1. Hey, among SER49, SER20, which residue is out of contact with any strand residue (DSSP E or B) (no Cβ under 6 Å at 6 or more places or on another chain) and at pLDDT 95 or above?
2. Have a look at ALA116, ALA129, ALA125 and point out the one that is of a type outside the set (Ser, Thr, Tyr) and touching a Pro at 6+ places or on another chain (Cβ under 7 Å).
3. For the subset of the stretch 78-92 comprising residues that are more than 10 Å from the chain's Cα centre (by Cα) and crowded, with 24+ Cβ neighbours inside 10 Å, which member is modelled with the highest pLDDT?
4. Return the total of residues in the stretch 69-111 being of a type in the set (D, E, K, R), over 22 Å from ASP14 (Cβ atoms) and assigned to a loop (DSSP other than H, G, I, E, B).
5. Which condition from (1) part of a loop (DSSP other than H, G, I, E, B); (2) surrounded by fewer than 20 Cβ atoms within 10 Å (Cβ to Cβ) is the one that ASN130 breaks?
6. Just checking, how many residues over the stretch 37-67 are closer than 17 Å to LEU10 by Cα and either over 16 Å from the mean Cα position of the chain (by Cα) or part of a helix (DSSP H, G or I) (or both)?
7. Step by step: first the residues of the stretch 26-39, then only those that are out of contact with any strand residue (DSSP E or B) (no Cβ under 8 Å at 6 or more places or on another chain) and surrounded by 18 or more Cβ atoms within 10 Å (Cβ to Cβ), then the one that is nearest to ALA72 (Cα to Cα). Which residue is that?
8. Taking the stated definitions as given, is ALA116 aliphatic (A, V, I, L, M), under 16 Å from GLU22 (Cβ atoms) and not in a loop (DSSP other than H, G, I, E, B)?
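The values are calculated or read from the model by the stated rules, or taken from the named source; none is laboratory data. Every value quoted in this text rests on a predicted model; they were computed, and no experiment measured them. Note that we place each Cβ from the backbone using ideal geometry, even for glycine, and neighbour counts take in every protein chain shown.
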Amino acid sequence: MAREAGVTPLILGDAIEGESREVARVFAGMAAQVRRHGQPLPTPCVLISGGETTVTVRGKGRGGRNVEFALALAIALEEALGDTPGIHAIACDTDGVDGAEEVAGAVIGPDTLTRARAAGIDPRAMLQANDGHTFFERLDDRIVTGPTLTNVNDFRAIFVDGVN
């Protein structure tokens, strides 16, 4: 589908594991390299991965591994690029349940952290509290499919547009 839309896909693997926020930091580095230098592939492109990451619970928030990944990715992209022009991402669980709630995951875009701060939400504090569900709920950026009864894998896609 990506190729048909004129977007180059790069499949990073279907068995990516590790701490969600650390995997997000690595993926942010890859997206930043693409954005800045057109490497390892030119824009527009999409970095695709699967696998199930984990979360070490540090706080008392509501969350799951996909919303944790998405929130950590948004923060890491901002750190790497200053802002995230032309970068959008999705992280979700194919069974429709991320963590203990019927939220499959979340989406981020170039304005995610700006909108959060304008709404009085501190993204770093939410990440520290493992409160990704509340973060994305307040922004209306959750993906809610309901249970799909199909647990294939987690799915992540980071779209890097060719905008300057």
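1. SER20
2. Going through ALA116, ALA129, ALA125 in turn, just one is of a type outside the set (Ser, Thr, Tyr) and touching a Pro at 6+ places or on another chain (Cβ under 7 Å): ALA116.
3. Among those that are more than 10 Å from the chain's Cα centre (by Cα) and crowded, with 24+ Cβ neighbours inside 10 Å, it is ILE87.
4. 3
5. Every condition holds for ASN130 apart from (2).
6. 8
7. Per the stated criteria, the residue is ALA28.
8. So ALA116 does not fit the description; no.
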